[in-house]
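Here is the structure we will look at.
Derivation of every value follows stated rules applied to the coordinates shown; laboratory data play no part. Computed from a predicted structure; not experimentally measured. Don't worry about glycine lacking a Cβ; one is built from the backbone with ideal geometry, like all the others, and counts go over all protein chains shown.
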């Protein structure tokens, strides 16, 4: 790698960090805030230091549970006497627990930095992989910029959030880098990343497996070790579900409604951009012409087939629609990098015959115009359902810390459904219910009934469900509730 290549990477790293971290540091666009009368608001100088996605909170809760109890959470830590729940992403929780333990940092206050930090790691993985596949630094650099420009929201997710889906990007890049490398030791190391992906985000393992099956078939490179590795999860699944194969097959069918009330048909042009897509089409042509590695085509093709399948049949196989679409956009980024590179190369070669300095100026100008357009309205989200959400504010954080300091842990608290996300991670207390998420649980109707009822009904609900504490943003004038905290937030002890 040449010195000016290193310089580009040095410039790229802080750009990436602040591009992603801006959603916490100063997000000047619309967002959701249950503390505001209008719920959807827009403010300048808007610093927010807590997780922005419900799944970030639930994974944080499971991480805190693991740190506290020294065992994998096979339950919903928010809900008292929660029923057992299979934890398919325990590797992610274990990693976070180790990270916060070794760095001795507060998980709640420092989670805000992790999406930006890990996006830098994703990009370094992408650059390594594309360098290996193309032997061209500029293609890898351009691919990383197209990757960064993919739009984010709380439904499709993306690099603004650190969840198993986004964390899996790093594992996938490292897997394919090691798998395709000429170094045999790295080939064997790829198995470690494959196995790790099973425990971090099983859907990523499914995509890796599909890509490998097609790649090995087309390349006619049937490595016996890898073939057995690919078959192992299939045989394990068949053994575990040997008495209920119908249920096993249903696991791999993802129907309309997988995300509950948040179904949405996405457009590649809306989330990625028309120009970027056109460069990806050019990239496909050059992959064929230059005979580049077929994985560059297999990855996005699998995802595109699933996306089209969903649009026609309203269900998909192997991957849910939203995840297939997300991985499709990621798969298009290298193709766009290839397409743009060869366009710039041809423009440069044509103009330099007349003036080399002018040729350099023109390609820099084209590069700048393309990415100014690509990042235009990067933070804008049109569908108001999918805006970042401020589940708690500093008043909530201080109140929940106070509860833990004065009432300890394992109390059952009545809170509204959105504040509930912060209760266990901050105070290690339980909630009555929480809304739709990867850890949905409890009785939502009971919560809504409590906050919309008279004192007599409130008392009945508290006594019947053995609820110790009540949390509200408004004063509750009921004699059986003892006000114990009042600093913009009210906490009551149930007598």
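Data table
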{"quantity": "Computed lengthening from residue 4 to residue 456, 0.36 nm per intervening residue step minus Cα-Cα distance", "calculated": "155.5 nm"}
{"quantity": "Peptides ranked, highest mean first, by Cβ atoms within 10 Å: ranges 97-109, 279-291", "calculated": "279-291, 97-109"}
{"quantity": "Principal axes of segment 364-438: Cα extent on each, largest first, Å", "calculated": "62, 24, 20"}
{"quantity": "Rounded tilt (10° steps) of 184-200 against the dominant C-alpha axis of the chain", "calculated": "30 degrees"}
{"quantity": "Overall dimensions of segment 352-493 by Cα: Rg and Dmax, Å", "calculated": "25.2, 88"}
{"quantity": "Cα-based shape type of the chain, given that a ≥ b ≥ c are square roots of the gyration tensor eigenvalues and the cut on a/c is 1.5", "calculated": "prolate"}
{"quantity": "Highest to lowest packing among 348-354, 443-449, 115-121, scored as the average C-beta count within 10 Å", "calculated": "115-121, 443-449, 348-354"}
{"quantity": "Extension gain from residue 308 to residue 376, taking 0.36 nm per residue of separation minus the Cα-Cα distance", "calculated": "21.7 nm"}
{"quantity": "Per-peptide average of other Cβ atoms within 10 Å, ordering 205-216, 77-88 highest first", "calculated": "205-216, 77-88"}
{"quantity": "Residues 385, 323, 440 arranged by fewest to most Cβ contacts within 10 Å", "calculated": "385, 440, 323"}
{"quantity": "Cα shape, segment 12-165, gyration tensor, a/c 1.5 rule", "calculated": "oblate"}
{"quantity": "Helix-only CD estimate at 222 nm, as mean residue ellipticity for the chain, using -39500 (n - 2.57) per DSSP H run (n ≥ 4)", "calculated": "-19500 deg cm²/dmol"}
{"quantity": "Cα convex hull of segment 106-382, projected area averaged across orientations, nm²", "calculated": "17.5 nm²"}
{"quantity": "Degrees separating the helix 164-180 axis from the principal Cα axis of the chain, which is the longest one", "calculated": "30 degrees"}
{"quantity": "Rel. contact order, % - alpha carbon contacts under 8 angstrom, at least six apart, segment 106-382", "calculated": "24 percent"}
{"quantity": "P(r) tail fraction, segment 1-88 - alpha-carbon pairs more than 22 Å apart, %", "calculated": "55 percent"}
{"quantity": "Modelled FRET efficiency - R0 45 Å, residue 394 with residue 88, Cβ distances, 0.05 increments", "calculated": "0.85"}
{"quantity": "Alpha carbon centroid spacing (whole Å) that separates segment 94-113 from segment 439-463", "calculated": "34 Å"}
{"quantity": "Residue exposure sequence - 178, 478, 303 - by fewest surrounding Cβ within 10 Å", "calculated": "478, 178, 303"}
{"quantity": "Degrees separating the helix 54-69 axis from the principal Cα axis of the chain, which is the longest one", "calculated": "70 degrees"}
{"quantity": "Full-extension gain in nm, residue 183 to residue 478, via 0.36 nm per residue minus C-alpha separation", "calculated": "99.0 nm"}
{"quantity": "Per-residue Cβ neighbour rank within 10 angstrom, fewest leading, 165, 301", "calculated": "301, 165"}
